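Below is one structure, written out as structure tokens, with a few remarks after it.
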Amino acid sequence: MFSQSELDQIFDEYNEIKISSTAKLPEIQTRDLNEPSEENKHYKEFIAFQINKIDMVMDKIDHILDNYNELDFQIESYELNAMSKELISLRKEYSVLI
């Protein structure tokens, strides 16, 4: 089962994804990643990393929601659902780029 500190870590990871996406995604979306270049290779690696990180955090959120009634701490399920929806949206934005 998840502890409060593990939940805090999920929020931290979620915030990291949001911050890095806010900083990088608009820039990446303006590029043609099909052109072979070292810079585009780094962008593609970043996209793959972000997708993996999003999947990892979504798995943790899903696990918490699946075991919501057994949690030892309070969190509103709508918060987790909103985070999950936002991550799904970001994942779609990244996925169309590669």
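The values are calculated or read from the model by the stated rules, or taken from the named source; none is laboratory data. Only a predicted model underlies this, so the values are computations on that prediction, with no experimental measurement involved. The accessibility values were calculated without ligands, DNA or RNA, using every heavy atom of the protein model including side chains. Shrake-Rupley method; radii C 1.70, N 1.55, O 1.52, S 1.80 Å.
Percent of accessible area on the chain owned by carbon and sulfur, 1.4 Å probe? Working shown, then result.
Values: 3010 of 6160 Å².
C and S atoms contribute 49 percent here.
Give the label of the value calculated from the structure for P(r) over Cα pairs in 10 Å bins from 0, in percent, choosing from (1) 15, 35, 29, 16, 5, 0; (2) 15, 44, 24, 13, 4, 0; (3) 17, 53, 23, 6, 0.
Matching entry in (1) 15, 35, 29, 16, 5, 0; (2) 15, 44, 24, 13, 4, 0; (3) 17, 53, 23, 6, 0: (2).
222 nm [θ] for the chain, helices only, -39500 (n - 2.57) per DSSP H run of 4+, per residue, to 500?
Numbers: 3 runs with 74 residues, N = 98.
It comes out at -26500 deg cm²/dmol, rounded to the nearest 500.
Taking the chain as a Gaussian network, Cα atoms linked when under 10 Å apart, which of S77, S21, S37 shows the biggest mean-square fluctuation?
Ranking S77, S21, S37 by mean-square fluctuation puts S37 first.
Order the following by accessible area, largest value first: Y78, Y94, Y68. Probe radius 1.4 Å; ligands, DNA and RNA are ignored. Let's see the in-between values first.
On the way: Y78 150, Y94 0, Y68 75 Å².
Output order, biggest surface exposure first: Y78, Y68, Y94.
Note the full-extension length gain between N81 and E39 as 0.36 nm times their separation in residues minus their Cα-Cα distance, in nm to one decimal. Write out the running numbers ahead of the final one.
Numbers: separation 42, 0.36 × 42 = 15.12 nm, distance 3.50 nm.
Separation in residues times 0.36 nm, less the Cα-Cα distance, equals 11.6 nm.
What accessible surface, in Å², does a 1.4 Å probe find on R31, ignoring ligands, DNA and RNA and rounding to the nearest 10?
About 80 Å², rounded to the nearest 10.
When ligands, DNA and RNA are left out and all protein chains stay put, how many square angstrom of accessible area per residue does the chain have with a 1.4 Å probe? Each step should come with its number before you reach the end.
Working: 6160 Å² over 98 residues.
Each residue of the chain exposes 63 Å² on average to a 1.4 Å probe.
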